[in-house]
Amino acid sequence: MKTILVLGGAGYIGSNVVWGLREKGYNVVVVDDLSSGYIKFIGKESFFKFHANKDDLEHIAKNYKFDAICWFSALIEAGESMKNPGIFLRSNLSENFEVLEFAKNHDIKHIVFASSAAVYGIPDKQVVSETDKTDPISVYGLTKLMFEKVLNFYSNIYGISSVSLRFFNASGASFTRDMGEAHKNESHLIPIVFNAALGLRDCVKIFGNDYKTIDGTCIRDYVHIEDLSNAFILSLEYLFDGGRTDVFNLGNGEGFSVKQIIDKVKDVTKINFKVEVTDRRPGDPDIEIADYSKAQKILSWNPRYKLDDIISSAWKWHKSDTYASLVRSNS
Ligand SMILES: NC(=O)c1ccc[n+]([C@@H]2O[C@H](COP(=O)([O-])OP(=O)(O)OC[C@H]3O[C@@H](n4cnc5c(N)ncnc54)[C@H](O)[C@@H]3O)[C@@H](O)[C@H]2O)c1
């Protein structure tokens, strides 16, 4: 049985992958400092609470031989990275680099890394593929792109093969378990809209309604976390089968405007809430959609869930007692 080290496995996306791996029969060891994750998502089995670093990892490596790493731990707020770049560079690069050295020293030969569409910055095209220009406009995006490049060098120099998965907007909630998105400082549209529906915030702000789109609001690609989880498992299998180091976009290949998401949530919840149009934010492209054909071709990955599944699973999660208790504990 293969043993997978999951860094940041108690978080929104990582916890889904932890369960996906367990269901596939992998032995899973989770490291998470719980800075934004929740132990109740994954349980205490083979869980270690610490900020990922070489010394603590050395300690647990006495009891495990890891075959691969699935890597989610990171600071994730792009806006925050422009206020405190140093913290992001340290966490997402220097500290990650230490962990990479640990992987090298322990002969861990495969890594699946949670990268981001933020590596593209402001794309020249509406439908973005992996060969398009990468020019991040946030320090967060820069750390993801730089770490992809570092992984590439570690592949060439040390033979550590890796897959970097560039997620577009991760969304939705588990269909089978009581877990979903509950970031402490939420910046993602869908949970923000549900929080407005639940009265947990005063209104939803739309940043600009004069974009070149059907209704003037920005269009984005939303991909369900269960599809992302499946992509991690397919990527691991690809690497175990000798697949070479590569990057892949993960999205639905379809775009929805901010206004369409708001209307959809109003429709599903039957709740009206306040929506306010404010100024544009710098750096938001009109339309950004994933071309995921490379993942389709090489990893045999296909997104199975559509916007309806994303919104209905997220609504079930947001009205759950677990979500209410996490919100209370975060406030
Ligand atoms: N949510 C999205 O839409 C999205 C989009 C693109 C990329 N990503 C990437 O996917 C990954 C997971 O995102 P998420 O939305 O699940 O975020 P999350 O904050 O829910 O998960 C990150 C987890 O890592 C843990 N963590 C953070 N730094 C750590 C450290 N140094 N040591 C140990 N644990 C640490 C946190 O406690 C948390 O459980 C991140 O790398 C993020 O950049 C997310």
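Readers should treat all values here as calculations from the given coordinates under stated rules, not as data from a laboratory. None of the values given here were measured: they were computed from a predicted structure. Backbone-built Cβ (ideal geometry, glycine too); neighbour counts: all protein chains shown.
Overview of values
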read-out	value
Added length on full extension, which subtracts the Cα-Cα distance from 0.36 nm per residue, LYS274 to LYS83	65.9 nm
Rounded tilt (10° steps) of 139-158 against the dominant C-alpha axis of the chain	30
Around SER73: net Lys/Arg minus Asp/Glu count, Cβ-Cβ under 10 Å	-3
Sequence-separation-based contact order of the chain, relative, with Cα cut under 8 Å and 6+ spacing, percent	19
Above-threshold pairs, the threshold being 32 Å between Cα atoms, out of LYS125/LYS264; LYS40/LYS65; LYS24/LYS109; LYS144/LYS205; LYS44/LYS274	LYS44/LYS274
The stretch 74-85 - phi-based ³J(HN,Hα) in whole Hz, Karplus 6.51/-1.76/1.60, Gly and Pro as x	4, 7, 10, 8, 4, x, 4, 5, 8, 9, 10, x
Distance from the stretch 84-153 to the stretch 11-51 (C-alpha centre basis), Å	22
Within the chain, helix-based [θ] at 222 nm, where runs of 4 or more DSSP H residues each add -39,500 (n - 2.57), nearest 500	-11500 deg cm²/dmol
Residues whose placed amide H lies under 5 Å from that of SER116, excluding near-sequence neighbours	PHE167
In the stretch 129-222, the trypsin sites (Lys or Arg not before Pro) that fall in loop regions by DSSP, at most 12 other Cβ within 10 Å	LYS133, LYS184, LYS212
log₁₀ of I(q)/I(0) at q = 0.08, 0.09, 0.10, 0.14 Å⁻¹ - the chain, Debye sum with one point per alpha carbon	-0.35, -0.45, -0.56, -1.14
Length-normalised contact order of the stretch 1-143 in % [C-alpha pairs under 8 Å, at least 6 apart]	23
Amide H contacts of VAL223 (H built 1.01 Å from N, under 5 Å, at least 5 apart or other chain)	ASN169, ALA170, SER171
Extension gain (nm, one decimal) between LYS319 and PHE97, 0.36 nm per residue minus Cα-Cα	76.0 nm
Residue order, fewest to most surrounding Cβ atoms within 10 angstrom, among PHE41, PHE175	PHE175, PHE41
Sparse-neighbourhood loop sites, trypsin sites (Lys or Arg not before Pro) in the stretch 242-331 - DSSP loop, at most 16 other Cβ within 10 angstrom	ARG244, LYS270, ARG280, ARG304, LYS306, LYS319
